[in-house]
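Student: Dumping the structure here so I can ask a few things about it.
The values are calculated or read from the model by the stated rules, or taken from the named source; none is laboratory data. Every value quoted in this text rests on a predicted model; they were computed, and no experiment measured them. In this analysis, Cβ positions are derived from the backbone assuming ideal geometry, glycine residues included, and neighbour counts consider all displayed protein chains.
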Amino acid sequence: MAHRQRVKAGEARSSGQGGPGDEKTCAVCGRRMEWRAKWAVNWSEVRYCSDACRKHGIGDVDRQLEATILELLAARAATSTICPSDAARAVGEEDTWRDLMEPARQAARRLVAAGEVEITQGGSVVDPSTAKGPIRIRRRRGSDPGLDRS
Ligand SMILES: [Zn+2]
């Protein structure tokens, strides 16, 4: 079975190839990407989970959605949550905001990866990569407001 010698995780990481068990977050959809053998050649440069994400990239609207989520949360109590649709409505127009729902969810996932927010369902923090159905977004708990660098 395991005829190949196992590479120690530390060695693999220092060489930038990664290894089984390594993971990172897609720069577009914010979903977790688990290391695959085909990525060993350039794991340190892998940024997208799929061709679709690579093609989509990150545009102005995506950045705007991220900023809007943070603004909406900043305007509310630390414990309150928003819905991705709040950000989609704020950025989009009357007849286009629904198209921004998935981009808004992606923006929320990227912010989770950045350590800015948490995604919850029924009041509990959920894994943004696997959560299905309606989600809420709230500021990340446990961050010390005294450390605000703004
Ligand atoms: Zn992706």
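Student: SER85: within 25 Å of ASP99 (Cα to Cα), within 16 Å of the ligand (Cβ to nearest atom) and of a type outside the set (Phe, Trp, Tyr), yes or no?
Tutor: Here the answer is no, as SER85 does not meet what is asked.
Student: Report whether or not ASP86 is over 30 Å from GLY16 (Cβ atoms), acidic (Asp, Glu) and surrounded by 13 or more Cβ atoms within 10 Å (Cβ to Cβ).
Tutor: When the stated conditions are applied, ASP86 passes them.
Student: Of all residues in segment 31-70, which are of a type outside the set (Gly, Ala, Ser), surrounded by fewer than 12 Cβ atoms within 10 Å (Cβ to Cβ) and either within 12 Å of the ligand (Cβ to nearest atom) or modelled with pLDDT of 95 or more (or both)?
Tutor: Correct list: ASP51, LYS55, ASP60.
Student: Within 16 Å of the ligand (Cβ to nearest atom), in a helix (DSSP H, G or I) and over 12 Å from the mean Cα position of the chain (by Cα): does that describe ARG98?
Tutor: no
Student: Next question. Taking interchain pairs and intrachain pairs at least six residues apart, which have beta carbon atoms under 7 angstrom, with the first residue in segment 18-31 and in contact (Cβ under 8 Å) with a residue 60 or more places away in the chain and the second assigned to a loop (DSSP other than H, G, I, E, B) and crowded, with 22+ Cβ neighbours inside 10 Å?
Tutor: Listed by first residue and then by second, the contacts come to GLY30/PRO128.
Student: Does SER85 satisfy being assigned to a loop (DSSP other than H, G, I, E, B), among the small types (Gly, Ala, Ser) and within 17 Å of the chain's Cα centre (by Cα)?
Tutor: No; evaluated as a whole, the condition is false for this residue.
Student: Going residue by residue through segment 129-142, is there one that turns out to be under 30 Å from PRO20 (Cα atoms), surrounded by 13 or more Cβ atoms within 10 Å (Cβ to Cβ) and within 16 Å of the ligand (Cβ to nearest atom)?
Tutor: Yes, segment 129-142 contains a residue that is under 30 Å from PRO20 (Cα atoms), surrounded by 13 or more Cβ atoms within 10 Å (Cβ to Cβ) and within 16 Å of the ligand (Cβ to nearest atom).
Student: Out of all the residues in segment 17-30, which are among the small types (Gly, Ala, Ser) and either touching a Leu at 6+ places or on another chain (Cβ under 9 Å) or within 7 Å of the ligand (Cβ to nearest atom) (or both)?
Tutor: Of everything in segment 17-30, just one residue is among the small types (Gly, Ala, Ser) and either touching a Leu at 6+ places or on another chain (Cβ under 9 Å) or within 7 Å of the ligand (Cβ to nearest atom) (or both), namely GLY30.
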